[in-house]
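The values are calculated or read from the model by the stated rules, or taken from the named source; none is laboratory data. Just so it is clear, the structure is predicted and the values come from calculations on it, not from any experiment. So basically every Cβ, Gly included, is an ideal-geometry build from the backbone, and we count neighbours across all protein chains shown. With ligands, DNA and RNA removed, areas are computed over all heavy atoms of the protein, side chains included. Shrake-Rupley method; radii C 1.70, N 1.55, O 1.52, S 1.80 Å.
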Amino acid sequence: MNVRIEESWKRQLQGEFDQSYFVQLTDAVRKEYQSATCYPPGSLIFNAFNLCPFDKVKVVIIGQDPYHEPRQAHGLSFSVQDGIPFPPSLQNIFKEIEADLGTPIPPTGNLTRWAEQGVLLLNATLTVRAHQANSHAQLGWQQFTDAAIRALTTRREHLVYMLWGGFARGKAYMIDKSRNLVLESVHPSPLSANRGGWFGQHQFSRCNAYLQEHGLTPILW
């Protein structure tokens with residue numbers, strides 16, 4: 001199957017594209033987009049991969065599925081398009097970055113600038129029906145995105161995996177902790193973060209320190 005995805009990721013994941021589950025997945029997604037409003041726009045489904053080539057990945061941040069309201073989702077976990085109010089989780093991410101690194105809260109919630117520095121902003125499920133969270137969770141996306149995580153942990157090292165909340169932390173078993181840094185915490189959503197375990201963890205400075213220890217340029221959060 002000829003999937004329009006960044007070339008280095010295409011090489012790494014080629015074995016997935018010809019499997020029956022992926023053929024069924026693409027058929028199901030196509031039908032969903034034809035029959036209902038879905039996000040992100042079709043051209044941005046693989047945006048996380050396209051902005052962050054396989055060999056450029058330094059950090060992996062795993063989300064669950066895209067935002068499901070108009071003009072929010074654009075293929076990057078936790079990110080919203082320019083001009084869109086920050087969702088509560090993203091507000092708390094920026095608050096923690098400000099407290100940890102002194103970086104002012106930016107005017108936009110568009111995290112393309114992170115992706116272009118090597119932050120893979122990967123949702124486990126890459127599409128969603130409008131106004132219905134997790135509506136595409138059973139289509140088969142997780143088999144594909146798990147394959148991407150396995151490719152990274154098998155063929156790359158000295159990456160930082162940021163696993164926020166129970167869902168993302170459930171991916172930790174795939175990661176070789178002897179060759180990578182895994183930072184786990186509660187989810188940044190107010191439901192979790194305000195009960196403790198999100199603020200004051202210094203994840204962003206710890207991430208940058210690890211990257212520098214291994215000769216890599218830190219992320220400008």
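Here are the numbers for this structure:
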item: Spherically averaged projected area in nm², based on the convex hull that wraps the Cα atoms of segment 137-221; result: 6.6 nm²
item: Per residue accessible area in Å² of the chain, where ligands, DNA and RNA are left out and the probe is 1.4 Å; result: 45 Å²
item: Among P66, P41, P104 - extreme Cα towards positive end, dipole of segment 1-104, charges at beta-carbon; result: P41
item: Residue-level accessible surface for K95, protein heavy atoms, 1.4 Å, Å²; result: 100 Å²
item: Dipole in debye (nearest 20) - segment 1-154, about Cα centre, beta carbon charges: Lys, Arg +1; Asp, Glu -1; result: 180 debye
item: Solvent-accessible area of E157 with every protein chain in place, 1.4 Å probe, in Å² to the nearest 10; result: 90 Å²
item: Within the accessible area of segment 79-221 (1.4 Å probe), percent carbon and sulfur; result: 51 percent
item: Segment 45-89: relative contact order as a whole-number percent, Cα under 8 Å and 6+ apart; result: 32 percent
item: For q = 0.11, 0.19, 0.24 Å⁻¹, Debye-computed log10 I/I(0) when each Cα of segment 86-156 counts as one equal scatterer; result: -0.41, -1.00, -1.10
item: For segment 1-156, convex hull volume per residue from C-alpha positions, Å³; result: 106 Å³
item: Cα centroid of segment 116-159 to Cα centroid of segment 29-72, whole Å; result: 9 Å
item: Net +/- balance of residues flanking P85 in space, Cβ distance below 13 Å, scoring K and R +1, D and E -1; result: -1
item: Vicinal HN-Hα couplings computed from phi for segment 104-113 (Karplus, 6.51 cos²θ - 1.76 cosθ + 1.60; Hz; Gly/Pro x); result: x, 5, x, x, 10, x, 7, 9, 3, 4
